[in-house]
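The values are calculated or read from the model by the stated rules, or taken from the named source; none is laboratory data. Since this is a predicted model, take the numbers as computed values, not measurements. Ideal geometry is used to build each Cβ from the backbone, glycine not excepted, and the neighbour counts take in all protein chains shown. Each accessible area value is taken on the protein alone, full model and side chains, heavy atoms only, with ligands, DNA and RNA left out. Shrake-Rupley method; radii C 1.70, N 1.55, O 1.52, S 1.80 Å.
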Amino acid sequence: MSTKEVLIKKLKDKSAKIAVLGLGYVGLPLSVVFCEAGFHVTGVDPDQRKIDALAEGKSYIPDVKTEAVEKLVAAGLFTATADFSILKEMDAVSICVPTPLRQTGDPDMSFIISAMEELAKYMHKGMVVVLESTTYPGTTRELLLPTLGAEKGLTIGEDWFLAFSPERVDPGREDYTTINTPKVMGGITEACGEVATAWYEGAIKIVHQVSTAEAAEMSKLLENTFRMINIGLVNELAIMCERLNVDVWEVIDAAASKPFGFMKFTPGPGLGGHCIPIDPLYLSWKMKSFNYNARFIELASEINTNMPRYVVSRVMEGLNDRGKALNGSRALVLGVAYKPDINDVRESPALDVIGLLRQKGALVEYHDPYIPHIHHEYDGWQMDSLQDLMKSVQEADVVIIITNHKQYDFPKIIENAKFVFDSRNATGKLGKSSAKVERL
Ligand code: SAJ
């Protein structure tokens, strides 16, 4: 039997030893899914605190129940370590490390590079490696292929196998999780795709195989660029509707009454999160090396990035209409998480809105039931969430709704506030009819 056939057999009978590099919101759920499919999994992460928690059978990822980790650790199916040398015993390795952007807007590949350089030390015949981290098209072939196979003189597609499979984890979502979200898989060679698909099909319900790693890398960027550009479109529509004195929320709801050929997106104070504002910039960055300017992405990103400034300009106008200057006014920001009912503040537009309000001399406070403390990475300021919401609502010159957490009682907030700027249409019809409320 060829190396490929031997490896496929081990993957199909679950005797293959699996490693997952990076035990965050992607890697830990993936580890559990592989374990529950019957594989023995070794989780590898340089963060000893994660390893210690997992060794005690504790989960630190909300989507992964501690009971699940406890059971798998007790059954000896899952072990975690910070020692990368364990990789020499592995047959299959998934790389699930972060791919953030630098402040310059360039991709930060440092996590992939350090994971890859560690793995390269332990590569051996009969291994399959799958990269899951969102990245620019070409990363798998241009970065991982030369680094992982070269040292040992291994031949790709014969001695070892390499593929890309974009993560599709949406933290907090319960209807679609790692096991039932279709997984795209693209190999460096046909044999690579075959081996990697055989592996993942043993654990994930649907694997959608494509012909190359680049097609898989590009499909992920299309998914999230699609969202970013459509959000940019409705954000610009909000600006146009305000000039036309038309209710953008009514317009979008009307368009959404069309049962085909339309997909509803809603305007907001900007784009937050670790995916949507970032992934498309990997594509536009890569295209620069082909002297191609990805205009749609650049324009949508410019519109989305400008939304915090637009929100603050609308607040200034609203205060002015009420005879007040923003400078010296008390501004209460409601909700700073990047989307409702979660505790993630990464890239949240709330941080930009607060920064701009402070620059213009407003006395800013915030309330968010999920986020007790915030700090601005570059400007250095930090704040604690208020405790007594209604008292602050009554004292504020303006209440600015940035994130519409379900638990907010918006009618009561309107009743107690002097002026509300609602960037999410959280106040709905009541807000539309109230002289106290202005909406995006
Ligand atoms: N946003 C808008 N208007 C919209 C939708 C979103 O302003 O119509 C804003 C949100 O407030 C947030 C940002 O965009 O600040 C991103 O929101 P999101 O709903 O896209 O949520 P994310 O960032 O958690 O995106 C993830 C993505 N999942 C993966 O990359 C695996 C995305 O592909 C999912 O479609 C999305 O979750 C989802 O559907 O919840």
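Check which residues have an amide H placed less than 5 Å from Leu101's amide H, if you skip close sequence neighbours.
Those lying under 5 Å, H to H, from Leu101 are Asp108.
Which is the longest part of the chain that has none of the GluC sites (Glu not before Pro) sitting in a DSSP loop with at most 16 other Cβ atoms within 10 Å? Before the final figure, lay out the partial values.
Working: sites that count: Glu56, Glu151, Glu158, Glu174, Glu377.
The longest such stretch corresponds to 175-376.
So how exposed is Tyr292, as accessible area in Å² (1.4 Å probe, rounded to 10)?
Answer for Tyr292: close to 120 Å² accessible.
List, in the order given, every pair from Lys9/Lys65; Lys14/Lys88; Lys10/Lys121; Lys65/Lys121 whose Cα-Cα distance in the structure shown is over 27 Å. All intermediate terms of the calculation are to be shown ahead of the outcome.
Values: Lys9/Lys65 31 Å; Lys14/Lys88 18 Å; Lys10/Lys121 23 Å; Lys65/Lys121 33 Å.
Result: Lys9/Lys65; Lys65/Lys121 exceed 27 Å.
I need the shape label for region 3-217. Rule: rounded when a/c is under 1.5, else prolate if a/b > b/c, else oblate, with a, b, c from the alpha carbon gyration tensor.
Values: a/c = 1.34, a/b = 1.21, b/c = 1.11.
Rounded shape, in that the Cα axes give a/c under 1.5.
In the structure shown, do any of Lys152/Lys286; Lys17/Lys152; Lys12/Lys125; Lys339/Lys429; Lys17/Lys125 have a Cα-Cα gap over 24 Å, and if so which? Walk me through the intermediate numbers first.
Numbers: Lys152/Lys286 29 Å; Lys17/Lys152 20 Å; Lys12/Lys125 18 Å; Lys339/Lys429 21 Å; Lys17/Lys125 14 Å.
Where the Cα-Cα span goes over 24 Å, the pairs concerned are Lys152/Lys286.
Between Tyr366 and residues 5 or more places away or on another chain, which pairs have amide H atoms under 5 Å apart, with H built 1.01 Å from N, and which residues are they?
Val333, Leu386
Per-residue HN-Hα couplings for region 4-17, Karplus 6.51 cos²θ - 1.76 cosθ + 1.60 at θ = phi - 60°, whole Hz, x for Gly and Pro?
Each residue of region 4-17 in turn: 4, 5, 4, 5, 4, 4, 5, 6, 6, 8, 6, 7, 5, 8 Hz.
Tell me the carbon and sulfur percent of the accessible area for the chain, rounded to whole percent, probe radius 1.4 Å. Before the final figure, lay out the partial values.
Values: 10700 of 19880 Å².
Looking at the chain in its full context, I get 54 percent from C and S.
From the phi angles alone, apply the Karplus equation (6.51, -1.76, 1.60; θ = phi - 60°) to region 342-354 and give each ³J(HN,Hα) in whole Hz, x where the residue is Gly or Pro.
After applying 6.51 cos²θ - 1.76 cosθ + 1.60, I find 9, 10, 9, 10, 4, 6, 4, x, 4, 5, 6, 4, 4 Hz.
Amide H to amide H under 5 Å from Asp422: which residues, 5+ apart in sequence or cross-chain, H placed 1.01 Å off N in plane?
For Asp422, the qualifying residues are Ile401, Glu438, Arg439, Leu440.
Let me check I've understood the local charge: for Leu281, count other residues with C-beta under 12 angstrom from its C-beta, Lys and Arg +1, Asp and Glu -1. What total comes out? Write out the running numbers ahead of the final one.
Details: positive: Arg102, Lys286, Lys288; negative: Asp106, Asp108, Asp279, Glu298, Glu302, Glu347.
Charge balance near Leu281 sits at -3.
For the chain, what does the helix formula give at 222 nm: sum of -39500 (n - 2.57) over DSSP H segments with n ≥ 4, over the residue count, nearest 500 deg cm²/dmol?
On the way: 15 runs with 174 residues, N = 440.
Mean residue ellipticity, 222 nm, calculated: -12000 deg cm²/dmol.
Using 0.36 nm per residue of separation minus the Cα-Cα distance, give me the extension gain between Ser85 and Arg173 in nm, one decimal. Numbers along the way, then the final one.
Working: separation 88, 0.36 × 88 = 31.68 nm, distance 3.44 nm.
Result for the pair: 28.2 nm of gain on full extension.
Pairs of alpha-carbon atoms within less than 8 angstrom and 6+ residues apart define the contacts here; what relative contact order does the chain have, in percent? It would help to have the intermediate numbers written out before the result.
Numbers: 872 pairs, mean separation 45.8, N = 440.
Contact order relative to length: 10 percent.
Over region 1-144, what is the relative contact order in whole percent, taking alpha-carbon pairs under 8 Å and six or more residues apart? Working shown, then result.
Numbers: 232 pairs, mean separation 36.1, N = 144.
Contact order relative to length: 25 percent.
Of the cross-linked pairs Lys264/Lys324; Lys258/Lys288; Lys360/Lys432, which ones have a Cα-Cα span greater than 32 Å in the structure shown?
On the way: Lys264/Lys324 36 Å; Lys258/Lys288 38 Å; Lys360/Lys432 27 Å.
From the list (Lys264/Lys324; Lys258/Lys288; Lys360/Lys432), the Cα-Cα distance tops 32 Å for Lys264/Lys324; Lys258/Lys288.
Determine ³J(HN,Hα), in whole Hz, for all residues of region 222-229 in sequence, where each value follows from phi through the Karplus function 6.51 cos²θ - 1.76 cosθ + 1.60 and θ = phi - 60°; x replaces Gly and Pro.
With coefficients 6.51, -1.76 and 1.60, one gets 4, 3, 8, 5, 3, 5, 4, 5 Hz.
Relative contact order for region 287-440: what is it in percent, counting Cα pairs under 8 Å that are at least 6 residues apart? Each step should come with its number before you reach the end.
On the way: 260 pairs, mean separation 32.1, N = 154.
Normalised by residue count, the contact order of region 287-440 is 21 percent.
What does the accessible area per residue of the chain come to in Å², with a 1.4 Å probe and no ligands, DNA or RNA counted?
Heavy-atom accessible area per residue stands at 45 Å².
For a test of the definition: using alpha carbon positions, the gyration tensor, and the 1.5 limit on a/c, classify the chain as rounded, prolate or oblate. Can you show the working numbers first?
Numbers: a/c = 2.39, a/b = 1.95, b/c = 1.22.
Prolate, since a/c reaches 1.5 and a/b exceeds b/c.
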